[in-house]
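Visitor: This is the structure, below, for whatever I ask next.
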Ligand SMILES: [Zn+2]
C-alpha cells in the first residue's frame, strides 16, 4: 500500500472528520493540494471509490468483514467503473485502513532466502535482492541452513617477509636491479652505435 497516500488521507480525515469520505468533491480538492506526488490513477480510483459510497459500505460491513468487503467492492468498481482491478483493491484497502486502522491480520512475509521480514507489497528483498515468490507467499521465516564455520586456514608465512621493512627493502633492491639493467643495456646500445658510426 502507498503509505504516503494513506497518510495523506488520514490527515484529511483527521482534519475534516470521517464524513469527509462521503464528500468526494472536498476530498478531491484537498488531494489536489496535498497529494501532488501520488500517482494520478491512484487518486482517481480512490475518488471513484468515494463516489461509489465505498466508505459507507465498508463501515457497514464492519472491521471484521472488511477484507471480504474490500474484495467485493473492488470487483464492483472494476466492473462498473472499468478501473484496474489491482488499483481498485489498493484504494479500497487504503480506505479500510483509514476507517479501521491498519489490520494486523495480514500474514507476515519473510524473505525465503535471508529470512528478514518484508512489507507484503515488495517484489524483492531489500536485504539480499531475492525476488519474493508471488508477492511473498512464505508464511514463516526460512533461515539459511547453518553451515559449520570452515576451520581457519593458517596463512603460510613467506620466508623473506618476517616484517614489512624486509619487504620494502626487497622491493627497493629489486627496483635498483631493474634500474641497473636498463642502464647497462643503454650503455651497450650507445657503445654499439658509436662503433657503428666510427666504422
Ligand atoms: Zn532476503
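The values are calculated or read from the model by the stated rules, or taken from the named source; none is laboratory data. As the structure is a prediction and not an experimental result, all values here were calculated from the model. So basically every Cβ, Gly included, is an ideal-geometry build from the backbone, and we count neighbours across all protein chains shown.
Residue by residue, here is whether (1) in contact with a strand residue (DSSP E or B) (Cβ under 6 Å, 6 or more places away or on another chain); (2) outside the structural domain of residue 79 (by TED's automatic domain parsing); (3) surrounded by 15 or more Cβ atoms within 10 Å (Cβ to Cβ); (4) closer than 21 Å to residue 85 by Cβ holds:
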residue: 32; (1), (2), (3), (4): no, no, no, no
residue: 39; (1), (2), (3), (4): no, no, no, yes
residue: 44; (1), (2), (3), (4): no, no, yes, yes
residue: 47; (1), (2), (3), (4): no, no, yes, yes
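Visitor: Hey, another quick one. Has the range 11-20 got any residue that is part of a helix (DSSP H, G or I), at pLDDT 95 or above and closer than 20 Å to residue 87 by Cα?
Guide: There is no residue in the range 11-20 that is part of a helix (DSSP H, G or I), at pLDDT 95 or above and closer than 20 Å to residue 87 by Cα.
Yes or no, residue by residue, for (1) modelled with pLDDT of 95 or more; (2) within 16 Å of the ligand (Cβ to nearest atom); (3) over 24 Å from residue 35 (Cβ atoms); (4) assigned to a loop (DSSP other than H, G, I, E, B):
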| site | (1), (2), (3), (4) |
| --- | --- |
| 50 | yes, no, no, no |
| 103 | no, no, no, yes |
| 127 | no, yes, yes, yes |
| 138 | no, yes, yes, yes |
| 144 | no, yes, yes, yes |
| 157 | no, no, yes, yes |
| 160 | no, no, yes, yes |
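Visitor: Between a first residue in the range 58-75 that is more than 18 Å from residue 18 (Cβ to Cβ) and a second residue that is part of a helix (DSSP H, G or I), which pairs have beta carbons less than 6 Å apart while being 6 or more apart in sequence or on different chains?
Guide: Filtered contacts from the range 58-75: 74/88; 74/89; 74/92.
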